[in-house]
Every structure is written in structure tokens, then in C-alpha cells.
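Engineer: Here it is: the structure, laid out below.
The values are calculated or read from the model by the stated rules, or taken from the named source; none is laboratory data. Because the structure is a prediction, the values reported are computed rather than measured. All Cβ positions, even for glycine, are placed from backbone atoms using ideal geometry, and neighbour counts span all protein chains on display. Surface areas here come from the heavy atoms of the whole protein model, side chains and all, with no ligands, DNA or RNA. Shrake-Rupley method; radii C 1.70, N 1.55, O 1.52, S 1.80 Å.
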Amino acid sequence: MTHHFPIRVYYEDTDMGGIVYHANYLRFIERARSDWVRSLGVDQNTMREAGLIYVVRRVEADFLAPAKFDQELMVRTEVAEVTSARLILSQLVQRGATDLFTAQVTIVCMGIEGGRPQRLPAEIRALL
């Protein structure tokens, strides 16, 4: 299952040279993950009210080529691995057929009370 999320590069996303500032790629892939979770029918507000949240534990990223002001990009998100305690996603930002940024993102579930790791809910694992 692959999720696609379009992004347009706005002026605020760029540095003085009109190139996307490196930290903004993390914002792009976060938006794509949020949209992907929503498309699965997972209500993160309901989860939070039940005392569970998802947190990023690890990001391994590679910057491959620059994106510039006003370009249209696509963020592709795919499940790389699911265990009882974590979810690893592979995310790729592209401009057309050109790969710009790639990341492996490890997500874990955490209880709000005490901030301790929790198992991923069974119904979420079943969706994946």
C-alpha cells in the first residue's frame, strides 16, 4: 500500500537562495504521514483522548537533490515493517521522476500518562 501526498513549495519553505531549507523536508513527510493515517480511518484525536499517541523515535534521512520555490513535489509513504511495538515507514519526496529526499521513519505508540512505550493497538496493526 502506497500513499501519495502532493506538496507545493512555498516561499516560506525556502532559504535565501530559493532552495527548500533542509529541515522543511521533515515537515513535508510529517504532513504526508498525518494524511496517510487519516486516510486509513485512524482518528488520532480519539487515540489521544484514550491516552495514546504516536511519536517519531528515529529518522534516517538522505538529501539527494534540491527542490526550489514553486515546484510541485510528491511525498510517497509506504510501510516498511510492522511489529507489535513499532512501525517503520519508508518515505520519498520526488519532483516528477527525480528523487529529492528519502527517509526511514520509526514510529512508536506511547501512553500519555507516564510517557511509556505501548504496543501498537491491534486494530491499527490489522490495517497495516
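Engineer: Starting from segment 29-51, keep only residues that are under 27 Å from residue 8 (Cβ atoms), then list their pairs with residues that are polar (S, T, N, Q) whose Cβ atoms are within a distance under 7 Å, requiring at least 6 positions of separation or different chains.
Structural biologist: These pairs meet every condition: 29/91; 32/77; 32/91; 33/77; 36/77; 37/44.
Engineer: Another question, then. Scan segment 83-123 residue by residue and report those that are over 14 Å from residue 57 (Cβ atoms) and part of a strand (DSSP E or B).
Structural biologist: Matches in segment 83-123: 90, 91, 92, 93, 94, 95, 98, 99, 100, 101, 102, 111.
Engineer: Kindly check whether there is at least one residue in segment 45-59 that is farther than 25 Å from residue 123 by Cβ, in contact with a strand residue (DSSP E or B) (Cβ under 9 Å, 6 or more places away or on another chain) and not polar (S, T, N, Q).
Structural biologist: Within segment 45-59 (the criterion being farther than 25 Å from residue 123 by Cβ, in contact with a strand residue (DSSP E or B) (Cβ under 9 Å, 6 or more places away or on another chain) and not polar (S, T, N, Q)), the answer is yes, since at least one residue qualifies.
Engineer: Let me ask something else about it. Give the number of residues within segment 64-82 that are open to solvent by less than 40 Å² (accessible area, probe 1.4 Å) and farther than 24 Å from residue 6 by Cβ.
Structural biologist: 0
Engineer: Restrict the check to segment 53-63 and report whether at least one residue is open to solvent by 30 Å² or more (accessible area, probe 1.4 Å), in contact with a Cys (Cβ under 8 Å, 6 or more places away or on another chain) and not hydrophobic (A, V, I, L, M, F, W, C).
Structural biologist: Yes, some residue in segment 53-63 is open to solvent by 30 Å² or more (accessible area, probe 1.4 Å), in contact with a Cys (Cβ under 8 Å, 6 or more places away or on another chain) and not hydrophobic (A, V, I, L, M, F, W, C).
Engineer: Next question. I'm trying to understand the selection: among the residues of segment 31-46, which are of a type in the set (Ser, Thr, Tyr) and open to solvent by less than 40 Å² (accessible area, probe 1.4 Å)?
Structural biologist: The answer is 34, and nothing else.
Engineer: Out of all the residues in segment 1-25, which are free of Cβ contacts under 8 Å to residues at least 40 places away in the same chain, open to solvent by 20 Å² or more (accessible area, probe 1.4 Å) and not hydroxyl-bearing (Ser, Thr, Tyr)?
Structural biologist: Listed by number, the residues that qualify are 12, 15, 16, 17, 23.
Engineer: Among 77, 46, which is polar (S, T, N, Q) and modelled with pLDDT under 95?
Structural biologist: Sole residue among the options that is polar (S, T, N, Q) and modelled with pLDDT under 95: 46.
Engineer: Give just the number: which of (1) open to solvent by 30 Å² or more (accessible area, probe 1.4 Å); (2) closer than 21 Å to residue 5 by Cα; (3) over 16 Å from the mean Cα position of the chain (by Cα) does residue 85 not satisfy?
Structural biologist: Failing condition for residue 85: (2).
Engineer: With respect to residue 104, determine if the residue is over 20 Å from residue 6 (Cβ atoms) and either among the polar types (S, T, N, Q) or free of Cβ contacts under 8 Å to residues at least 12 places away in the same chain (or both).
Structural biologist: So residue 104 fits the description; yes.
Engineer: When segment 100-128 is examined, which residues are found to be loosely packed, with under 14 Cβ neighbours inside 10 Å and within 30 Å of residue 67 (Cβ to Cβ)?
Structural biologist: 128, the sole residue that qualifies.
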